[in-house]
Amino acid sequence: MRIGVFDSGIGGISVLIRLVRELKNAEFVYYGDNENAPYGNRSDRDIIKLSFFAANKLLSYNADAIVVACNTASTVAGSTLGKILPVPVFGICPPAERELSKSKTLLLCTEATAKRYRKYEGVNGFNVYPVKGLVEKIEGDPLSAEKIDVKPFLKGITERYETVILGCTHYYFVKIGIANHLRPNKITDGENELVKAIKYYPKLVKNEKSSSKNKVLFIGYETDKNEHMFDKWFTE
């Protein structure tokens with residue numbers, strides 16, 4: 001089985017790492033659209049257009065399924081991709097519905113994602129905080145992302161939250177900094193739901209063993225940077 005994965009840049013590497021670890025018999029093709037990052041500041045029309053371009057690029061590499069490893073693209077374009085593409089499409093979305101009934105929750109995300117989740121604001125203390133500039137900062141020097149001071153990007157947050165949802169895959173690489181600054185009881189994201197959806201999709205996950213050689217192919221923009229980011233974090 002060959003799974004195509006795409007993101008606006010290096011954020012989706014966090015999802016790719018999880019998938020490679022969980023789906024040991026699969027091959028992967030990763031399309032990083034670093035040149036157009038971030039998607040979260042773009043119009044819905046642009047996000048859908050860029051998502052279709054990325055997905056079709058992956059289909060040209062004979063992908064058996066497409067993983068949208070971007071919360072923004074999943075939220076805005078995921079449903080449309082699923083209706084039109086000839087293979088199964090899986091997206092990663094903030095698990096807001098799961099968490100807002102359990103505890104006071106904060107969703108950190110892009111502006112495009114925030115528009116879809118503001119309808120939940122006020123439910124059991126749920127709040128949405130669109131983070132400006134953090135994705136660009138991470139993309140600028142991804143190999144040192146864990147050293148980024150996140151405080152300037154979160155300065156508008158004055159309350160304490162029990163749960164923080166990382167609603168952008170880029171934030172995985174500054175997760176420790178976010179945890180140290182906001183000090184929630186739990187930090188979560190949509191990766192578990194994504195992995196389960198793929199693992200239990202009928203007839204998709206096959207038992208044939210694939211070679212470990214060339215298990216992950218990187219295409220798109222800045223492939224060297226994306227591959228180095230994968231190698232660095234996969235071994236940690």
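Odds and ends about this structure:
- Between D231 and F52, the modelled label-to-label distance comes to 3.7 nm, taking each label 7 Å out from Cα in the direction of the beta carbon.
- The mean sequence distance of close C-alpha pairs (under 8 Å, at least 6 residues apart), as a share of the length of the chain, puts its relative contact order at 27 percent.
- Relative contact order computed over segment 96-188 (Cα-Cα under 8 Å; 6+ residues apart), in percent: 32 percent
- In segment 1-122, the ratio of gyration radius to Kirkwood radius, Rg to Rh, stands at 0.98 when only Cα atoms are counted.
- Across the chain, Cα-Cα pairs farther apart than 33 Å form 13% of the total.
- Annotation for segment 175-205: trypsin sites (Lys or Arg not before Pro) lying in DSSP loop with at most 13 further Cβ atoms inside 10 Å of their Cβ are K203.
- Above 15 Å, the calculated P(r) of segment 96-188 contains 56 percent of its Cα-Cα pairs.
- Put a dot 7 Å past the Cα of S103, heading toward its Cβ, do the same for N124, and the two dots end up 1.1 nm apart.
All of the numbers you see were taken from the coordinates with simple rules; none came from a lab. Bear in mind the structure is a predicted one, so any value in this text is a computation, not a measurement. Methodologically, a virtual Cβ is constructed for each residue, glycine included, from the backbone with ideal geometry; neighbour enumeration extends over all protein chains shown.
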